[in-house]
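To start, the structure itself, in structure tokens.
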Amino acid sequence: MRCKLFPTATLLWHIAVVGSLGASVSKAQGADLKFQVQLVWATDDSRPPTGKDYKPVEGGIKSQLRALKWKNYFEVKRIDFTLAAGSQKRVAISEKCELNVRDLSGSNVEVILFGRGKEVARVKQALPKGEILVPGGNAPNETAWLAIVKRVD
Amino acid sequence: MTEYQNQLKLQSHLDGELSEAEASEVVSLLARDPEAVALLAELRQTSEALVGFEDGIRLPESRDFFWSKIQREIEGQHSPAPERTSPVPWSARLRRLLMPATGFAVVALLALVVTRETGSGPAQSSVETSLADSGALVYHDFSARATFVWLAYPADDEFSEEDEGAGFE
């Protein structure tokens, strides 16, 4: 009965729902992906190296690194970048090390680690918001380096 | 012959239903019994009086036509009502089209929102790793939502000539 009484309102409601779906799908398909890469130094020392003003990593990241043995993690460098859907970006995390991040379909990404210009590792996996991918390796004096790739949005 | 049977014989005689032998018996009865004659006369008068009532009721139309009308009436009651031929308004047509579209839109929207919020993807469980470093390890800490790719690179000697941590910069 309401439909008969208010056909225009009903039609507008349907059109609004379908339109919002189209807008959402369009936005989802064309949305930029925000990533953050942190170069981190893992150590049991309570302080960063002399003369370096490294800040401890945030509590959330430290919690996600609980599988590792080190007591402290200091942020050496942080790079925030945006990736258009389906595109890739190569970011330098140090003079010798680079990361290439490529958006695959869905939440999947491909991360390639380059050392001295040569491909060292290539990882393809889902990286949803909040999840981290951590290429890393041992460093002198029982320390380690970590390149934490995190999808921010 | 009892009195009752005589009365029946007289009625049958009047209706012409007796055989010749029975008819002759009835004739002889009538010759000797005046009451039988009187009864026969009464039966004849009654029969003649009822002749008009036995004439069947005549329909103003033929029997076949009468029953065919009844048949058409019955069939008309059971046949479905004819569809309305009035044109459907455009709003009703559009609504008919948009109803399923809206349902699909709502479901798809919910699926999109849930997928984006939870970050679940179809390939979450599939990790493809290709490592140039043969000594590398891959470890998934699902509770911490972290994947570690532990490499021998950069090797210790790469940083050996530099201070701790300085090699990263």
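Evaluating residue A:76 against the criteria (1) modelled with pLDDT of 90 or more; (2) farther than 29 Å from residue A:44 by Cβ leaves one unmet condition, (2). Does residue B:49 meet the test of being more than 60 Å from the chain's Cα centre (by Cα), part of a helix (DSSP H, G or I) and either over 30 Å from residue A:10 (Cα atoms) or modelled with pLDDT of 90 or more (or both)? Spelling it out, it is not the case that residue B:49 is more than 60 Å from the chain's Cα centre (by Cα), part of a helix (DSSP H, G or I) and either over 30 Å from residue A:10 (Cα atoms) or modelled with pLDDT of 90 or more (or both).
Of all residues in the range B:53-62, none satisfies being at pLDDT 65 or above and either within 14 Å of chain A (Cβ to nearest Cβ) or under 27 Å from the mean Cα position of the chain (by Cα) (or both).
Cβ-Cβ distances below 6 Å connect the following pairs, each with a first residue in the range B:44-71 that is farther than 30 Å from residue B:9 by Cβ, a second residue that is at pLDDT 80 or above and not polar (S, T, N, Q), and a separation of six or more residues or different chains: B:59/B:66. Report the residue count in the range A:44-80 for those that are exposed (fewer than 15 other Cβ atoms within 10 Å of the Cβ) and either of a type in the set (A, V, I, L, M, F, W, C) or farther than 16 Å from residue A:131 by Cα (or both). Number satisfying all stated conditions: 11. Within the range B:1-22, being hydrophobic (A, V, I, L, M, F, W, C) and not in a helix (DSSP H, G or I) holds for B:1, B:18.
The values are calculated or read from the model by the stated rules, or taken from the named source; none is laboratory data. From a predicted model like this one, the values you see are computed outputs, not experimental measurements. All Cβ positions, even for glycine, are placed from backbone atoms using ideal geometry, and neighbour counts span all protein chains on display.
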